[in-house]
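Some notes on the structure that comes next.
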Amino acid sequence: MQTFTARYDAIEDRICLNAVDASGAKQAIYLTRRLMDQIIPVVVKHLEEKTPEGVPADLVQSMTQERVRLARKSEPPAEPVQADFETPRWLCTTIQMQKQPAGLAVTLTGDATCKAQIPLADPHLRTVLDIFRNSYAKAGWDLRVFPDWLGSEQAGAGQGAQSRLN
């Protein structure tokens with residue numbers, strides 16, 4: 001995946017990632033709250049592991065998060081990805097994360113024919129956390145899965161938030 005737009009689907013009660021790859025192929029990937037509640041702490045732990053020793057983790061993480069938000073605001077917004085009638089839709093049942101030097105390689109899988117890979121550098125992971133937090137708020141889901149350093153304010157649009165990944 002190169003770009004995605006996240007939205008809360010009230011009918012499905014799931015977060016949907018409308019994604020497009022470098023060749024322009026689209027797919028709509030549905031993520032359950034149960035699965036999201038399991039992966040968000042993994043992403044948070046990965047980011048928190050990079051806190052220098054002897055420095056308050058909440059302070060470092062909140063400052064880094066705000067720096068990423070400011071950088072994102074200075075970039076031109078990514079074009080929202082819209083699923084159309086022919087866009088394949090599938091339910092993600094597993095997510096695998098593999099550490100990379102600059103972030104995580106994320107693989108989403110559904111049935112045997114459904115798979116999406118997302119390379120996420122640490123700044124992108126922070127953007128994704130903001131997007132998912134906003135989607136949770138839109139859904140009315142419990143926000144306690146997110147760290148306090150993420151802040152209580154919504155960072156950008158909750159519905160239809162998008163991110164260019166590379």
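The values are calculated or read from the model by the stated rules, or taken from the named source; none is laboratory data. Values in this document were obtained by computation on a predicted structure and should not be read as measured data. When the accessible area is computed, the model is the full protein with side chains, heavy atoms only, and any ligands, DNA or RNA have been set aside. Shrake-Rupley method; radii C 1.70, N 1.55, O 1.52, S 1.80 Å.
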- Karplus couplings for region 7-20 from phi (6.51 cos²θ - 1.76 cosθ + 1.60, θ = phi - 60°), rounded to Hz, Gly and Pro as x? 8, 8, 9, 5, 5, 7, 6, 9, 8, 10, 9, 8, 10, 9
- Relative to the chain, whose Cα atoms define the longest principal axis, helix 33-48 and its Cα axis are tilted in degrees, nearest 10, by 40
- Message: Considering the Cα positions of the chain, please state its Rg to one decimal place and its Dmax as a whole number of Å.
- Response: 15.3, 53
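Can you tell me how region 72-137 classifies by the Cα gyration tensor, rounded, prolate or oblate, using a/c under 1.5 as the rounded cut?
Here region 72-137 falls in the oblate category.
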- Task: Can you send over the carbon and sulfur percentage of the accessible area for region 78-142, probe radius 1.4 Å, protein chains only?
- Result: 54
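Restricting things to Cα coordinates, could you compute the convex hull volume per residue of region 1-48 in Å³? Please list the in-between numbers first.
Working: hull volume 3.9 nm³, N = 48.
Cα convex hull per residue, to the nearest whole number: 81 Å³.
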- How much area per residue is accessible in the chain when the probe is 1.4 Å and only protein heavy atoms are counted (Å²)? 55
- Query: In degrees, nearest 10, range 0 to 90: what is the angle between the Cα axis of helix 122-139 and the longest Cα principal axis of the chain?
  - Reply: 70
- Task: With an 8 Å cut-off on Cα pairs and a minimum separation of 6 or more residues, tell me the relative contact order of the chain in percent.
- Result: 31
